[in-house]
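The values are calculated or read from the model by the stated rules, or taken from the named source; none is laboratory data. A quick note: this is a predicted structure, and the numbers were derived from the prediction, not measured. So basically every Cβ, Gly included, is an ideal-geometry build from the backbone, and we count neighbours across all protein chains shown. All accessible areas refer to the heavy atoms of the entire protein, side chains included, with ligands and DNA or RNA removed. Shrake-Rupley method; radii C 1.70, N 1.55, O 1.52, S 1.80 Å.
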Amino acid sequence: MSHSYCSATYRCYDEKADFNKKALGIAVGLTVGSWTDLPEAKKAEMERHLGKVVSVEVHEPDSGSGETASDRYADIQIAYPDVNFSRDIPALLVTVFGKLSMDGRIKLIDLAFSEDYLSGFQGPKFGLEGVRKLLGVPERPLLMSIFKSVIGHDLPTLREQFYLQALGGVDLIKDDEILFENPLTPLEKRVEVCMEAAAQAEQETGQKLLYAVNLTGPTFSLLEQARKAIQAGANALLFNVLAYGFDVLNELSRHPDIKVPIMAHPAMAGALYPSAYHGISANVLLGKLMRLAGADIVLFPSPYGSVVMPREENMAIKQTLLTENKSDYVFHLPTGVNSFQENASQHALSLRSSFPVPSAGIHPGLVPLILKDFGNQTIVNAGGGIHGHPMGTIAGGQAFRQAIDGCLTGQSLKAYATQHPELNAAIEAWGLRE
């Protein structure tokens, strides 16, 4: 009888370990606990619960390139039987990396799921195409702006800042992730005044706009908070996923009352992905798990600006958020060399795509790099690059829209800027990287 499995791949560093023995220890230790001591009859009964070593690829240090013994590692892939855990993300994470995360220099670098496990998740409710449809923008890269400062300001000040951003031609405006419920700008009032400003700006720009209001508060009150926000007119939600957990995102995204896209903020991610030796890789943390749990839009540090993530990690996140290739997500226990990969890739992935948003330190002169790396399927996200524009906030938004339009014409942005004063002023202030 065949059983279904999810798989986890780890990068394990050790100067002299027997990595094959280590892999076997993980496969047994995180599933049935012990194996060799079991009587044969018990083994037959427990076999369906036993983890399997799929592969062990050892990297020996190359002294010629300056590597030392401490650079010795192995990539270890283990298959975990679905029968061992319930179909939710916490159960899978605790199984594959709960205790193991504390076992020396070891990092979770990939996850793949059985068809059965994957079928328990709806993924993004709107996804990339749904967000585009709401905005009526089928092709071009989208533009988002962030409130410059929110704490200590009253509603009229917040409304004015929102209105100026909207007039600049942005498609989305998001709250700051550190804006929580407070007497100056309570959620429902904030949504009402900002959506009024959005409607007023639309009269002038002819452009629809999504406002991602920050969903906060104790976990068990989040659904009620979201209902309040949506009742008040909110057309998107911002959510600090890692502070609350992937399962909270999943429950919110699948709830029938949450009829708006959810934007996932990467707050806390820096505690988990940057180390080579510990944590969870960015493509799993901010890619696969965000999409699986239902994030329609996913923010992550860009390789260009102030909070830098290596470009290859950005590209890995992009791949996991946008791919339609089932083999990127689905795992079948191999019966022969790579045969499971061929089986898995025969059908398209059923999860909707999530919108990738490289963020932090973005100015108009970086738009050519963003579009080179991400193509049109991205949201250009700016804070100081809009509010800090020499000609003001409205001009800041216009400069970004001009940068996007200029790149889409295929000509040099420097040449395009000569006909567009807002873009030209931004390039003079912050430079240009083409």
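Of the listed requirements (1) out of contact with any Gly (no Cβ under 8 Å at 6 or more places or on another chain); (2) under 18 Å from G384 (Cβ atoms), V131 misses just one: (2). Restricting the search to the range 54-97, which residues are within 23 Å of the chain's Cα centre (by Cα) and assigned to a helix (DSSP H, G or I)? Once the filter is applied, which keeps residues that are within 23 Å of the chain's Cα centre (by Cα) and assigned to a helix (DSSP H, G or I), the range 54-97 yields I89, P90, A91, L92, L93, V94, T95, V96, F97. Residues in the range 100-141 that are part of a strand (DSSP E or B) and either of a type in the set (A, V, I, L, M) or out of contact with any His (no Cβ under 8 Å at 6 or more places or on another chain) (or both): I106, L108, I109, D110, L111, A112, F113.
With the requirement that a residue be surrounded by 15 or more Cβ atoms within 10 Å (Cβ to Cβ) and farther than 11 Å from A8 by Cβ, what does the range 108-119 give you?
S114, E115, Y117, L118
A quick yes/no check of all residues on (1) in a helix (DSSP H, G or I); (2) at pLDDT below 85; (3) surrounded by 16 or more Cβ atoms within 10 Å (Cβ to Cβ):
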| residue | (1), (2), (3) |
| --- | --- |
| M144 | no, no, yes |
| S149 | no, yes, no |
| G152 | no, yes, no |
| M195 | yes, no, yes |
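Among the residues of the range 290-303, are any exposed (fewer than 15 other Cβ atoms within 10 Å of the Cβ) and closer than 14 Å to L351 by Cβ? The answer is no; no qualifying residue exists. Looking across the range 224-234, the residues that are open to solvent by less than 50 Å² (accessible area, probe 1.4 Å) and in contact with a helix residue (DSSP H, G or I) (Cβ under 7 Å, 6 or more places away or on another chain) come down to Q225, A226, A229, A232, G233, A234. Within the range 15-35, being in contact with a helix residue (DSSP H, G or I) (Cβ under 7 Å, 6 or more places away or on another chain) and under 23 Å from S63 (Cβ atoms) holds for one residue alone: E15. Going through (1) open to solvent by 70 Å² or more (accessible area, probe 1.4 Å); (2) at pLDDT 90 or above one by one, G51 falls short only on (1).
What are the residues in the range 394-424 that are in a helix (DSSP H, G or I), among the polar types (S, T, N, Q) and open to solvent by 40 Å² or more (accessible area, probe 1.4 Å), if any?
If the condition is that a residue be in a helix (DSSP H, G or I), among the polar types (S, T, N, Q) and open to solvent by 40 Å² or more (accessible area, probe 1.4 Å), then Q398, T409, N424 are the ones that fit.
Test of understanding: among R159, R105, R87, R132, which residue is open to solvent by less than 10 Å² (accessible area, probe 1.4 Å) and at negative phi? Exactly one of R159, R105, R87, R132 is open to solvent by less than 10 Å² (accessible area, probe 1.4 Å) and at negative phi, namely R132. If the condition is being part of a loop (DSSP other than H, G, I, E, B) and at pLDDT below 95, then the range 352-373 contributes A360, G361, I362, H363. Inspection of the range 368-379 identifies no residue that is touching a Ser or Thr at 6+ places or on another chain (Cβ under 6 Å) and either open to solvent by 50 Å² or more (accessible area, probe 1.4 Å) or among the β-branched types (V, I, T) (or both). Taking F113, is it within 21 Å of A17 (Cβ to Cβ) and in contact with a strand residue (DSSP E or B) (Cβ under 8 Å, 6 or more places away or on another chain)? Here the answer is no, as F113 does not meet what is asked. Summed over the range 259-282, the residues that are open to solvent by 50 Å² or more (accessible area, probe 1.4 Å), under 30 Å from N235 (Cα atoms) and out of contact with any helix residue (DSSP H, G or I) (no Cβ under 6 Å at 6 or more places or on another chain) give a count of 2.
State whether the residues of the range 232-242 include one that is over 15 Å from V298 (Cα atoms) and among the polar types (S, T, N, Q). Yes: the range 232-242 contains one or more residues that are over 15 Å from V298 (Cα atoms) and among the polar types (S, T, N, Q).
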